[in-house]
Structures are given as C-alpha cells and as structure tokens.
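What follows is a short report on a single structure.
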Amino acid sequence: MTMSMKDEILKRILAANGEAVSGQELADSLGVSRTAVWKHMQTLQEEGYTFETIKKKGYVLTGVPNSLSPTQIELFLKTEHFGREIHYFDVVDSTQTIAHKLAQEGAPHGTVIIGEEQTAGRGRMARPWESVHGSGIWMTVIVRPDVTPQQASSFTLVVAVAVTMAIKTLYSDIEPTIKWPNDLLINGKKCTGILTEMQAEADLVQALLVGIGINVNQEAADFSHDIADIATSLRLEAGEEINRAALVALILQYLEQFTELYIEEGFASIKTLWEQLSCTIGQRIEVTTIRERFEGIASGITDDGVLQLTQDDGLVRTIYAGDIKIL
C-alpha cells in the first residue's frame, strides 16, 4: 500500500501511543520541511484528529475520528493479502463500480475499495442501498480465487459467514444471523447486505467483486421511512458506538481465512458453520422467483450452497436464486 506523506505522519503519531512526537524529528526523518509537517497536521485536524502541542516536545494525539482511512484500518489489520491495498474515498458513487474497473486493470487479490458515503449504492437486482456518510461500512473486496464460475456461485455464503463471525467476535452481545442468500439480520431486522459479482471466462473466474454494506453507527432517525421498520444498525443493537476500522480489519481477516479454506476444500468445508449461523434453515419461508411464488420449510443447503425447500406435499425443491420471506 503506497502511503501518502500525511498518512505516514499519522502512522508515526499513532504508533507513539500517546507520547509526544517532535515535529522537527518528523521533518528530518521524512525528508520534508517543518512547514510541510505543520500543513499535514492542519489537514489531519480538519479530518477530525485532535492534538495537544507541548512546547519543546511536539504533538500529542488526544482524539481520533471514527474513520475508515487506510491508516486507521492498518492499525488493526492482521492479514497477508486482504486490505494490503486500499482505495479510500470520502464520497463515491459505488465501490462496486470502481472495483470492476480496478479488477479489469489487474488490481491484486484482496484489494479493498471503501467509502465513507455512496451516492449510488446498490444491492441485488439493482435495488438501492442507503449509504449515509460516516455511519456504515461500504466496501468491495476484489477476490481472485482459482475456481470455476460454477464453483463460485456459493461464495456469497462464504462472505456471510466471515462477516457474521467478525461481528460476533467483536461484540458478543450482538447475535447476527444469516438469511439466505445474502443478508444478515439482528432480531429480525436487516443490518448487512452482500453483493457478489463476477468477471469470468467460460471456465475460469478472473475476479469476484464482493460488495459488503453494513449499517454500523446509524441512529433510528437516520433510516428513511421506507426501511425504518425493517432495518437496524450495530450501534442500535449494541447500545454503543462501533469502531468501524477495527470491524473492517476483522472482517478482512475472517474473509481471508475462509476464502483460503473455500479454495482448498470447497464450500462443503464451511457449510456446517453457515447452517449454525443461519436463521433460514428449519423455518417456513415464502420464495419469490422471476416465474412463481411458493412456500415450504427451508430444509437445508447443498454442498454448492443451493437452498433446499420441502413443500407440504413432501416434494423437495432446489432454489438457485430468488427472494425469500421468513413466515
């Protein structure tokens, strides 16, 4: 990850753990003027960082914004590939759109595109996704697994497990569950959506573009009237502000771990964990596809991640795509 001079200064101040950092020493070690350091410090203050200046000692960090800057994420990152290249935006139309372009240009496995706000965020079937500035996690991860397009169809379920495990690990009081195929619910309300798109040839996946949208620090009033009754945020459920950078880093850690397992052993190795985390299996559901609507009991998923539904007459149907409603 190529780091700007401003981010390099921030990284060194963060690493000082509350001790004073000399502006002159920063200038000398980075090969810039003392004035240049001061200008970068002013920019950091505009971004929400606060400092105390101690005479003859330097800058002491006194406050850190809850941002998703690469420097903040790197503080918590423990991965080998995922998140080692981050493209960060304050405002972006859609991280998914930028990911498509970067993937075509050869962006490496594990590249992350992340924004504080999306103006044209979208979910499955081009449905709009509300992406309020500074309140959630709106990111796309470029994954380059050595699998066929047919095998890749279950990858959204792998991502759902990674995100669920990260949330549960950081916040033990929150119990997210997975609603097939791509939503995470807390107490029956949606907090996360996953959108996986593919760039592929006939028998080879070039890239999977994994879009992850998480409602993190929204208050109830932040949700529009249309979704207020069906949406929630991690903050509302936990009763406290969530450190978004720490959560992103842990999601990337779990995603890297489960991606490697998925590439080596297939989805079957993750299937049992997915079923344990699911709120779909065993429930009566209504399925809506392009052609029809029907209901029954969600009786399981296959080793390829396909949903199985048992109708009242005993017929077992396989659901490859569609919207489901838990009855």
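The values are calculated or read from the model by the stated rules, or taken from the named source; none is laboratory data. Just so you know, these numbers come straight off a predicted model, no measurement behind them. Note that each Cβ is placed from the backbone with ideal geometry, even for glycine, and that neighbours are counted across all protein chains shown. Heavy atoms of the whole protein, side chains included, go into the accessibility calculation; ligands, DNA and RNA do not. Shrake-Rupley method; radii C 1.70, N 1.55, O 1.52, S 1.80 Å.
Which one of GLU25, GLU8, GLU19, GLU47 is closer than 24 Å to ASN243 by Cα, more than 26 Å from the chain's Cα centre (by Cα) and free of Cβ contacts under 8 Å to residues at least 60 places away in the same chain?
The conditions single out GLU19.
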- Filtered residues of region 108-125 (kept if of a type in the set (A, V, I, L, M, F, W, C) and in contact (Cβ under 8 Å) with a residue 40 or more places away in the chain): VAL112, ILE114
- Message: All but one of (1) closer than 30 Å to PHE82 by Cβ; (2) in a loop (DSSP other than H, G, I, E, B); (3) not basic (Lys, Arg) hold for LEU10; state the number of the condition that does not hold.
- Response: (2)
- Note on the structure: Within region 193-252, the residues that are aliphatic (A, V, I, L, M) and more than 30 Å from ASP146 (Cα to Cα) are VAL216, ALA220, ALA221, ILE227, ALA228, ILE230, ALA231, LEU234, LEU236, ALA238, ILE242
- Message: Being in a loop (DSSP other than H, G, I, E, B), open to solvent by 40 Å² or more (accessible area, probe 1.4 Å) and polar (S, T, N, Q) is the filter here; which residues of region 164-208 pass it?
- Response: SER172, ASN187
- Quick one: is ALA220 surrounded by fewer than 18 Cβ atoms within 10 Å (Cβ to Cβ), among the small types (Gly, Ala, Ser), closer than 25 Å to ASP323 by Cα and without any contact (Cβ under 8 Å) to a residue 40 or more places away in the chain? no
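Considering each residue of region 30-40, count those that are touching a residue at least 24 places away in the same chain (Cβ under 8 Å) and open to solvent by 60 Å² or more (accessible area, probe 1.4 Å), and give that number.
Here the count works out to 0.
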- Given the conditions (1) buried (at least 19 other Cβ atoms within 10 Å of the Cβ); (2) among the β-branched types (Val, Ile, Thr); (3) farther than 22 Å from VAL132 by Cα, which single one is not true for ILE212? (3)
- Item | Residues that are closer than 30 Å to PHE82 by Cβ and open to solvent by 30 Å² or more (accessible area, probe 1.4 Å), drawn from region 13-29 | ALA15, ASN17, GLY18, SER29
- Message: Out of the residues in region 154-163 meeting the condition of being under 13 Å from LEU252 (Cα atoms) and β-branched (Val, Ile, Thr), tell me which one is surrounded by the most Cβ atoms within 10 Å (Cβ to Cβ).
- Response: VAL158
- Query: Among the residues of region 128-138, is there at least one that is in a helix (DSSP H, G or I), open to solvent by 10 Å² or more (accessible area, probe 1.4 Å) and within 20 Å of GLN218 (Cβ to Cβ)?
  - Reply: no
- Task: Pick out the one residue from LEU309, LEU250 that is surrounded by 14 or more Cβ atoms within 10 Å (Cβ to Cβ) and closer than 27 Å to LEU170 by Cα.
- Result: LEU250
